[in-house]
Amino acid sequence: MIQKKICMIGASGVGKTSLISKFVHSMFSDKYLTTVGVKIDKKTVAVDGAEVMLMIWDLEGDDDYQRLQTSYLRGSSGYLLVADGTRQITLDQAIEIQGRVTAAIGPVPFLLALNKADLVSQWEIDQSRVDDLTARGWKSFKTSAKEGAGVEEAFVELSRQMIQPP
Amino acid sequence: MQRAARDPTEEFEELRRLLLSREREQLRDLKDRLSDKERRSQDIASVLPEAVKMSRERGEQLSNALRPAVEGSIVDSIEKRPEIFVEALHPIIGPIVRKSVAESLRRLLQSFNQSLEHTFSWRGLKWRWEAVRTGRSFAEVVMLRSLVYRVEQLFLIHRETSLSLLHVTSDPTVSKDSDMVAGMLSAIQDFARDSFATGEDSALEEFRVGELQVWIVPGRHAYLAAVIRGNPPRELRPALEETIDTVHVLKGTALAAFAGDASVFESLRPELELALRAQYAETKKEGKSTRAWIVILLIAALATAWLILALRNQSRWKDFLHRLKEQPGLVVTEARKGWFGQSEVRGLRDASAPDPAGIAREAKLNPDRIDFQWNDYLALDSASVKRRFEQRFSVPDQTRVAINHGVLEITGSVPYEWLDRVRREATLIPGIKSVAETEASIVYDPELARKRFEAQFGLLDTVNAVVANGVLTLTGEASHRWLVRARAAATTLPGITSLNDRVIDLDQRAFDQSKSIIESAFVYFLTDKDDIATEGFAALSRLPDEIRRCEKSAKQIGLDVTLEIQGYADAIGTETRNADLRQRRANKVRDFLVSCGFEPAHLKPLGVEQPFTPVPGDKATPEQAQRRAAFKVVTQPATPAP
């Protein structure tokens, strides 16, 4: 079985941990996130008939107090960039983080997950901004950790991109 | 000069030849090269290495294209000429196999040594007690107490991606997810490195968690994480470094090109398993040697003790069988000694034979551990017959018995009653045909002899019987009939040799009294007449009753009685007259008695010529004395009744 390391990256409080907690086999407690700054989970997804085992590194949220530890990104085959759909600023942060990640590990497949899709009434992110990103080649998914919508699809799509021959 | 007009085609051809002759030459050369197979091969050979290199740099397409052909040709080659591969692989596989076998043997030997040591040592016993007390398994306690160190798990982790390539463990029950553990180990290293801002080349080498240590052994593309219990020696690190180097030698290319497929590293498993080594606390060699000797001596002592016990048991068993065979009435047909379970004895047993369990006890064997199976039979040997006789007749102390060809020989002092029973019943016992008692001295119990007499004759209240020294002494009084019978038969009874008879015969006494009364009675007559004088009537009137009594008692003693009536007359008158008178006087009395009912045949009237001799005390006058009739009782043996 093919193994791939991926990272969950995004600003604090965008729901990275929640996104994966319902879909993976957890061995380590969330406490690791605040102590070591990373928690590792595992999930196997089926992509076009092949199985891919994803080692998901859930990195601590990037904010003013805690900068992203880029050493954790090393060896990642891809990453999920997570933003909170109800907070416009988290998309800006995500875009900024993406730049830093690319600088650290080069261009690898990634997806933008616009989380908290279930909170429609509080949605702040302007679709035109998303369209701009799409025009730049970004692929985005609306996800809901609460309802589970779009999460599996996001992981499968990321896996597909990672195992495609260059 | 005018040149002749030329065909334009020729001219063009000429021009082409002038302008392109070099290119045409090259073209021809190229054509030759393409059509010449040999030259084409040379050309490809010169560019192929470079072409393959470029293709590999582009991707896996060339590998993928070549794989089926290469694999097919390898399989085909192995099938057809395996020896080539054997020779080629021998230098690699040989040492690996040898190393693996040696390691397995070393572990087996170590495990055996430990088992021996722990089983027979005080420490072993102590650990066993600790295992009981703490509820842990003995193996676990031994491991914890004797382990110096043990490499329990090894992770081969890809440096770049932090993915687990291979995980081996000495304990198959370890179920932690190696992939996530590998990831977290990498994360921790990154964390440590970032936190303390050390360089990229520096790394976390080891950390300790309780009884466990984790050693990180870096390699170029992958590193080893060894989970070690106990206190590993420093020498372990070079060994692990050798392992990671070997991994890189064998799979360097695959490690460099790792893209997520860890299955190619599965072939490294034996190599990593060799690194799962352990070391246990060793004891001094002398100690081991001493212990080994103690064990050997203990085993030898036990074996000797067992042998002695076995020999003793065998000896007792033989003794027991001998005793059984010697015993009359027991025939052993089959005997089997059970060394660890029940022994068995089968055979025939006479009812009189002694209990075999008792014989087993005499031979110091436990009868409960012997299964006896006896069939009944009748033993006719002298000893069995004798025992059978003794069981039925308890033989008195002074008496001796023997069986000789079916004859029961009795000697010694023998009580009559016991002998009497033996005479009657001995021949009922199988094996006894007759009884010989001629040598026996029979003794009689006086009381029993007396009882026998009593039973025979029915002892009267008036008679007292005592037996002493064979003499029966009878006192008291009894009827004549009883007395006659007793006198006649008493000495025929066993235990009575003679009779001392001091019994009064009541019937004889009554007869004697009656006879005396009758013979002292007188009937007086008147002078010269046969008329009875007055004083004579008194006597006459009492006479019939007395005669009847006399007759009755005479009959009791076996006599018939005839009453002689004697008539007397005085001397006055003539003899003839007196003779007549005497007869008539006797007849007168006879007639009187006949009239009283007596048989005339039993009355005999006689005239007595001689004068009556007065008896002393006779009060009659001399005259009166001769005028009388007197009586005489005459007896003769009674004639048997017709």
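The values are calculated or read from the model by the stated rules, or taken from the named source; none is laboratory data. Note that the structure is a prediction, hence the values are computed from the model and not measured. Every residue, glycine as well, gets a Cβ built from its backbone with ideal geometry; the counts of neighbours run over all protein chains shown.
Does B:I403 fit the bill of being closer than 23 Å to B:G329 by Cβ and assigned to a strand (DSSP E or B)? Taking the combined requirement at face value, the residue satisfies it. Kindly establish whether B:S162 is of a type in the set (S, T, N, Q), within 29 Å of B:R98 (Cβ to Cβ) and within 12 Å of another protein chain (Cβ to nearest Cβ). Spelling it out, it is not the case that B:S162 is of a type in the set (S, T, N, Q), within 29 Å of B:R98 (Cβ to Cβ) and within 12 Å of another protein chain (Cβ to nearest Cβ). Residue-level analysis places B:G476 among those that are small (G, A, S) and either in contact with a Lys or Arg (Cβ under 7 Å, 6 or more places away or on another chain) or surrounded by 14 or more Cβ atoms within 10 Å (Cβ to Cβ) (or both). Residue count for the stretch A:98-134 satisfying the condition of being in a helix (DSSP H, G or I), aliphatic (A, V, I, L, M) and farther than 23 Å from A:M162 by Cβ: 1.
Restricting the first member to the stretch B:481-493 and to residues that are under 13 Å from B:V503 (Cα atoms), and the second to residues that are modelled with pLDDT under 85 and in a helix (DSSP H, G or I), the beta-carbon pairs closer than 6 Å and six or more apart or on different chains are B:A486/B:F457.
Checking each residue in the stretch A:56-96 for being touching a helix residue (DSSP H, G or I) at 6+ places or on another chain (Cβ under 7 Å), among the hydroxyl-bearing types (S, T, Y) and at pLDDT below 90 picks out A:T70, A:S71, A:Y72. Considering the conditions (1) charged (D, E, K, R); (2) surrounded by fewer than 17 Cβ atoms within 10 Å (Cβ to Cβ); (3) within 12 Å of chain B (Cβ to nearest Cβ), A:R100 is excluded by exactly one of them, (3).
If you go through the stretch B:222-243 and keep only what is crowded, with 19+ Cβ neighbours inside 10 Å and either modelled with pLDDT of 90 or more or part of a strand (DSSP E or B) (or both), you end up with B:A222, B:Y223, B:L224, B:A225, B:A226, B:V227, B:I228, B:R229, B:G230, B:L240, B:T243. For the stretch A:63-105, a residue qualifies if it is of a type in the set (K, R) and either under 14 Å from the mean Cα position of the chain (by Cα) or farther than 22 Å from B:E160 by Cα (or both), and exactly one does: A:R87. How many residues does the stretch A:135-152 contain that are assigned to a helix (DSSP H, G or I), modelled with pLDDT under 90 and not β-branched (V, I, T)? Total meeting the criteria: 1. Quick test for you: out of B:S384, B:S434, B:S394, B:S441, pick the one residue that is polar (S, T, N, Q) and surrounded by 13 or more Cβ atoms within 10 Å (Cβ to Cβ). Answer to the check: B:S384. For the stretch B:70-80, the condition of being touching a Leu at 6+ places or on another chain (Cβ under 9 Å), free of Cβ contacts under 8 Å to residues at least 12 places away in the same chain and either in a helix (DSSP H, G or I) or under 30 Å from A:Q164 (Cα atoms) (or both) holds for none of the residues. Within the set B:E160, B:E152, the sole residue that is assigned to a loop (DSSP other than H, G, I, E, B) and touching a Lys or Arg at 6+ places or on another chain (Cβ under 7 Å) turns out to be B:E160. Only a single item in (1) loosely packed, with under 15 Cβ neighbours inside 10 Å; (2) modelled with pLDDT under 90; (3) within 14 Å of chain A (Cβ to nearest Cβ) is not met by B:A281, and it is number (3).
For the stretch B:166-178, a residue qualifies if it is touching an Asp or Glu at 6+ places or on another chain (Cβ under 9 Å), at pLDDT 80 or above and either of a type in the set (D, E) or not in a loop (DSSP other than H, G, I, E, B) (or both), and the qualifying residues are B:L166, B:H167, B:V168, B:T169.
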